[in-house]
Amino acid sequence: MKENQLSINHYNELAQLQKLAQILNPPLPATSRTVNQSEKPSILPVLCARASSFVSAFCCSALILACVVSFFFCSASTVCLREQNMPKVKTNRVKYPEGWELIEPTLSELQVKMREAENDPHDGKRKCETLWPIFKIAYQKSRYIFDLYHQRKEISRELYEFCLDQGYADRNLIAKWKKPGYERLCCLRCMQTRDHNFATACVCRVPKQLREEKVIECVHCGCKGCASGD
Ligand SMILES: [Zn+2]
Ligand SMILES: [Zn+2]
């Protein structure tokens, strides 16, 4: 009996102690749950922040790459344009034939005159007159090359062909000068009948003795007469 009472008392004490322990220390699962609840919202912002930083880094690198690529294409296209606009003779790839240094000063001088004529403001001139100086200089250039090769025979065929290829002389106009009756032709337009009234050539092509007006300047190029016998 005594033992039984002791065990009952012991049991009561144990029950009280357990209650006390429960009050002092709340059950573990509950605490772990609160920990988990408190951890869950803390992980999400971290993940979000990491993801956003990754995305922003990716965007930045893509932007930089796009900039580099566009810069490369821009510079490449500029180089291409520059090469296209450059006059043929000024590129280093052109191989100048022998004797070029002897004719180069005269051609450069005519080139400068041509540029001046092209940039002339044309104040007070008739519309047709503005082109006359350009025709005149183009004629002088072609005549200079023609004389050097066909008349004076001072330049090689290679240099002559080089000048024609590079546009220093008009190949078609020179071809006409080789034909009888066209040795002094001023420009190709003045010999074309379709450009004139009554399907005739320009008045400057008419020999002086057959013209009523002795002093003329044709409208196309300002020619004062280019018939062979004049
Ligand atoms: Zn003429
Ligand atoms: Zn004419």
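Per-residue extension of 0.36 nm, minus the Cα-Cα distance of Glu213 and Gln192, leaves a gain of 5.4 nm for this segment. Restricting the calculation to Cα atoms, every distinct pair contributes to the Kirkwood radius of the stretch 182-230, found to be 10.7 Å. Projected label points at Val112 and Ser52, each 7 Å from Cα along the beta carbon direction, are separated by 6.9 nanometres.
Between Ile134 and Arg171, the C-beta separation translates, for a Förster distance of 22 Å, into a calculated FRET efficiency of about 0.75. For the cross-link pairs Lys136/Lys224; Lys113/Lys208; Lys127/Lys176; Lys113/Lys141, the ones whose C-alpha atoms lie over 19 Å apart are Lys113/Lys208; Lys127/Lys176. D by Stokes-Einstein for the stretch 94-178, Kirkwood Rh over Cα pairs, 20 °C, 1.002 mPa s: 155 µm²/s. With the highest mean first, a sort of the peptides 113-124, 137-148 on other beta-carbon atoms found within 10 angstrom per residue produces 137-148, 113-124. Rounded to the nearest 0.05, what FRET efficiency is calculated for His122 and Lys224 with R0 set to 25 Å and r the Cβ-Cβ distance? So the FRET efficiency works out to roughly 0.75.
The gain in end-to-end length when the Glu158 to Leu102 segment is fully stretched comes to 18.7 nm, 0.36 nm per residue minus the alpha carbon separation.
Just so you know, all these numbers are worked out from the coordinates, no wet-lab data involved. As the structure is a computational prediction, the values presented were derived from the model and not from experiment. Reconstructed Cβ throughout: ideal geometry from the backbone, glycine too, with neighbour counts over all protein chains shown.
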